[in-house]
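Just below is one structure, and these are the notes that go with it.
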Amino acid sequence: MGKTINGVSRWKLYTVGAAFTLSIGFSFFGIKKCVPYADTLTLIACRFAAALIGVSIFMAVSRVTGRYPGAEPGRPKAKLYQTAGFYLAFMILQILAMYFATSIEGAIVFAMVPIFAKIIGRITLGEKSTPLQNFFVVLTVAALIVLIILNATDIHLNVTGLIIMTISSIFMGCQNVSARYVRGVFAPIEITICISVSGFVIFYGAALARALATRDLHGLFEPLTHPQFVIWVSFLGIFCILLSAQFMSYMLAHMEIIQSTVFSSASTLVSIIAGALILGEPLNWYHYICGALILAGVVGLSLAPAQASNAGKSLRDDM
């Protein structure tokens, strides 16, 4: 087994994958801390505001400013905006789906993102996977779905919510594929910047428009008067949007889609463990069994050899 993947240290990529898993896994805790102070739209608007502040500070103290999307002529920026658009469409539809489906149903469908990304990547990029890789993906997704179902207290089928959530997860799969497609032209940080700026414009713009329409600007800014909200929404914006988007873009730039996306499955396991350790929530026998299977799937997929010809197609190949 080689020590590098596409010239990048295998352990560096796995460290980034672990950081991505932790940032997403702990997001539930931050959301629980913020929910008492703001509704869904205000919360997500503030999250993207925090992400924008974070990326602005990063740009101010680094040399990335000159590489801001749009600063260099001749590059197909529409492809970059498309990549960011898929991510934002996923978030918009995910929020909309929560009005019809439960969070448990949403989690079950979201667990299918690695499968959707694999299918889309196979069709559009020609990335093939070995039978062993397919086995570990199915093992991880199946264990995650069983864990979610056994851990649920309220599951009911809502067709509208199920359809919206499925489309949302497909958009996330498209974002993963698109991010890998543009990897030869745009750096991961450029994708992250585009997502942060676009998300702020769309979500904060929507929250501001609603506040003006209802003449309730106080409701938009009042949560910011609570230190606990500011602290946790900063965590959600900087770590759970800004850094997680950067981590995923970095992985997709150097790893196959099938390997990169499966790290998101482990985030649910992190959420459950964090809930037990921090909030004192109970752990049952199925947590241990399904958790072990999920970890086995993630580790197995990370170590499983890829097909020699499975390089994947990038935008650079078309230029």
LEU236 passes all but one of the listed conditions (1) under 24 Å from THR15 (Cβ atoms); (2) at pLDDT below 85; the exception is number (2)
Condition met for TYR68 (at pLDDT 90 or above and more than 19 Å from the chain's Cα centre (by Cα)): no
Query raised in the report: In this structure, is VAL270 assigned to a helix (DSSP H, G or I) and more than 22 Å from GLY17 (Cα to Cα)?
Result: no
Reported set for region 249-304 where residues are within 24 Å of CYS174 (Cα to Cα) and acidic (Asp, Glu) is GLU256
The lone condition ASP216 fails out of (1) buried (at least 18 other Cβ atoms within 10 Å of the Cβ); (2) farther than 12 Å from LEU52 by Cβ is (1)
Within 12 Å of PHE26 (Cα to Cα), of a type in the set (A, V, I, L, M) and touching an Asp or Glu at 6+ places or on another chain (Cβ under 9 Å), is that true of ILE272?
yes
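For region 272-292, which residues satisfy the criterion of being among the small types (Gly, Ala, Ser) and open to solvent by less than 30 Å² (accessible area, probe 1.4 Å)?
From region 272-292, those among the small types (Gly, Ala, Ser) are 274-276, 280, 291-292; that's our starting set.
Listed by number, the residues that qualify are ALA274, GLY275, ALA276, GLY291.
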Item to complete: With the condition kept exactly as written, say whether any residue in region 159-176 is outside any helix (DSSP H, G or I), out of contact with any Leu (no Cβ under 6 Å at 6 or more places or on another chain), open to solvent by 10 Å² or more (accessible area, probe 1.4 Å) and touching a residue at least 40 places away in the same chain (Cβ under 8 Å).
Response: no
Before we move on, is VAL270 aliphatic (A, V, I, L, M) and more than 29 Å from LEU303 (Cα to Cα)?
no
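Kindly indicate whether GLY205 is buried (at least 19 other Cβ atoms within 10 Å of the Cβ) and either in a helix (DSSP H, G or I) or of a type in the set (Ser, Thr, Tyr) (or both). Break it down stepwise before answering.
Details: buried (at least 19 other Cβ atoms within 10 Å of the Cβ): no; either in a helix (DSSP H, G or I) or of a type in the set (Ser, Thr, Tyr) (or both): yes.
Against the criterion (buried (at least 19 other Cβ atoms within 10 Å of the Cβ) and either in a helix (DSSP H, G or I) or of a type in the set (Ser, Thr, Tyr) (or both)), GLY205 does not qualify.
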ask   = Just a yes or no: is a residue in region 198-214 among the basic types (Lys, Arg) and touching a residue at least 60 places away in the same chain (Cβ under 8 Å)?
value = yes
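The values are calculated or read from the model by the stated rules, or taken from the named source; none is laboratory data. All figures in this text were calculated on a predicted structure; none of them were measured in a lab. Because the Cβ atoms are built from the backbone with ideal geometry, glycine has one as well, and the counts that use them run over all protein chains shown. Side chains included, ligands, DNA and RNA excluded: accessible areas come from the protein's heavy atoms. Shrake-Rupley method; radii C 1.70, N 1.55, O 1.52, S 1.80 Å.
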